[in-house]
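Each value in this text was obtained by applying a stated rule to the coordinates, not by laboratory testing. Predicted, not measured: the structure shown is a model, and the values here were computed from it. Positions of Cβ are generated from backbone atoms using ideal geometry, with glycine treated the same way; all protein chains shown enter the neighbour counts.
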Amino acid sequence: MESDQHLIKRVCAGEREVFAQLIERYKARIFHTTLRMLRNREEAEEAAQDTFVRAYRGLPKFREDASFSTWIYKICYNVCLNYLERKKPPRVDLSEAEFFSLPEEDTPDRLFENREFQHVLEHAMAALPPKQSSALVLYHAQGLSYHEIAEIMEEPINSVKTHLFRGRAKLREKILQMMPLEESVV
């Protein structure tokens, strides 16, 4: 399998059709990121497409010593921020409630509780500031390192850690506010 850098060189040398291989390599991860950040399937598909268009147009400026994955995530992050800035109030597509994968139990009560939690989690994520929700998605959902997130968000690592810390705290607070308290049976 050819490296990302080799494919990029081929595209820049005029073999435009080779870019399809890069799309194929990254399309699932980019779509997953846009879906989690935007929480709306149609906007996520559009944002993923915008990400690849911008990446293609920006390939001549790509530094060969850089990581293509970090570079394309940075483009994706900026595209999503643009979408988030345009829409007020945040919309939540509950049919795509998949921020965290919850194990499905086989009892109807557990299935209902998991769906209810997904609903609460989606609403809580939608209420977070974009930088906090983006940091949470990139770290927890995409498994990126602090360094990679800092590069993508163009912020110092300590700022990324702060976004994650504050985002988790606000998320926890919002979830606790939204979840019904269980009555204890004595």
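Summary table
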quantity	calculated
Cα-projected label distance for Asn82 with Gln49, points at 7 Å along beta-carbon direction, nm	1.4 nm
Net charge over other residues, Cβ less than 14 angstrom from the Cβ of Trp71 (K, R count +1; D, E count -1)	+1
Over 24 Å (Cα to Cα) - which of Lys74/Lys131; Lys9/Lys131; Lys74/Lys174 fall in this group	Lys9/Lys131; Lys74/Lys174
Calculated FRET value between Arg63 and Phe165, using beta carbons and R₀ = 25 Å, to 0.05	0.20
